[in-house]
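Encoded as structure tokens, the structure appears first; notes follow it.
The values are calculated or read from the model by the stated rules, or taken from the named source; none is laboratory data. On a predicted model such as this, the values are computed, not experimentally measured, just so you know. Virtual Cβ from ideal backbone geometry, glycine too; neighbours counted across all protein chains shown. Heavy atoms of the whole protein, side chains included, go into the accessibility calculation; ligands, DNA and RNA do not. Shrake-Rupley method; radii C 1.70, N 1.55, O 1.52, S 1.80 Å.
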Amino acid sequence: MPRTIAEFKSAHSPDQEVEHLRAKVAQLERKIRAERDSTGEARLIALQLTEAIEAAQPQKMVYRPPRKKSGAPITCVLHLTDLHNGEVTNRDEVDGFGEFSPEIFTARLQALGQKLIEFVTVQRSGYYIPRLHIIGTGDYVSGDIHEELKVTNAYPAPVQAVRAGYDLGALLAMLAPHFESVTSDWITTDNHGRMTRKNQAAEGGLNNWGYVVAHIIKQHVSRLPNVAVNIHAKPSALIPIGSERYLAFHGHEIKGWAGLPYYGFDRRAAMEAVKRMGAPDAAFTKMVFGHFHVAVSTLLYNSGGSLSGTNAFDHSQGRHARAHQTSWLVHPEHGEFAFTRWWLS
């Protein structure tokens, strides 16, 4: 209740500047409420979906441990990144340099699984390879972050998340009988799966369709006794495999232009090393990331390819990258070897 004339005027007849500021404050408050309503949307969807996910039935084990385990146990590492379920690329739009669709997504994942099984079978003539470790570094869906994607995607983002989750779960179920154990780690912070206009620094891995994808995978393989699924709803995760300690993240945080930002890759490695200096538990030996759609392996990092390959935007910018994913082997003492690009187009 205004007690003075000045307070009465302020409440009932403010000047234009005050009216403008009040309108601005009200606008910002509405925006904050909307952001709060959207935050946690993926968590709620994942919770609601979990009970409805059909779990895969265990298949007959193909893997048989050798009678004489010669040599140290080797781990096969499969890096999955930039899968872009739901994206559609018409061959004519890219002058025949590639095409992509949900059907091709499924076919390429199945082909990748078969190639990996055949590769490991051959390698087992010389190595003891009981374990498979899968590292997922995001962009499992095409998303709806741009107006163009909303128009050209095969179906909306929720459908992309469900179908990507089931197809990836099917890939794990396909590979599981061929290994003594399968461990998978899924980073859910990325740029294509985000539910907000801009990337979130806080809770970006929770408010993301990648979080839903990972939970569908986990539920789908829940009956497979030799499969473990770890979900990392954060920007990065340390993943120890043999003698390596991989720092896994999506890669959209690395800035660059004019092709692959090699300086940006090295700068990110240096920044992470300095940040973790004096903290032995946080140390890493190598970075693993995607986002740039081209596989590269150096002493500092392994970057991955994409399942979609060249799309219309890439083509318009003069870029071309065949659809591919990567794998390698890790010795418990001597580190990684046999880095392989699996061409899928």
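Only residues that are of a type outside the set (Val, Ile, Thr) and either touching a strand residue (DSSP E or B) at 6+ places or on another chain (Cβ under 7 Å) or in a strand (DSSP E or B) (or both) were counted in the stretch 230-259, giving 17. Of all residues assigned to the stretch 162-178, none qualifies as being more than 16 Å from the chain's Cα centre (by Cα), farther than 17 Å from Pro58 by Cα and surrounded by fewer than 22 Cβ atoms within 10 Å (Cβ to Cβ).
When the stretch 90-103 is filtered for residues that are in contact (Cβ under 8 Å) with a residue 40 or more places away in the chain and open to solvent by less than 50 Å² (accessible area, probe 1.4 Å), the ones remaining, listed by number, are Val94, Gly98, Phe100, Ser101, Pro102. Scanning the stretch 107-130 for residues that are over 20 Å from the mean Cα position of the chain (by Cα) and small (Gly, Ala, Ser), we see that the one that is nearest to His178 (Cα to Cα) is Ser125.
Residues that are in contact with a strand residue (DSSP E or B) (Cβ under 7 Å, 6 or more places away or on another chain) and of a type in the set (Gly, Ala, Ser) were ranked within the stretch 211-229; the one that is nearest to Arg43 (Cα to Cα) is Ala214. For the stretch 57-73, filtering for residues that are assigned to a loop (DSSP other than H, G, I, E, B) and open to solvent by less than 90 Å² (accessible area, probe 1.4 Å) leaves 9.
Residues that are under 19 Å from the mean Cα position of the chain (by Cα), buried (at least 16 other Cβ atoms within 10 Å of the Cβ) and among the charged types (D, E, K, R) occur in the stretch 285-300; there is at least one. Give me the residue from the stretch 104-151 that is open to solvent by 10 Å² or more (accessible area, probe 1.4 Å) and under 24 Å from Ile231 (Cβ atoms) and, out of that set, modelled with the lowest pLDDT. So the residue we want is Ile145. Scanning the stretch 202-241 for residues that are surrounded by fewer than 18 Cβ atoms within 10 Å (Cβ to Cβ), under 23 Å from Glu272 (Cβ atoms) and in contact (Cβ under 8 Å) with a residue 24 or more places away in the chain gives Glu203, Asn230, Lys234, Leu238.
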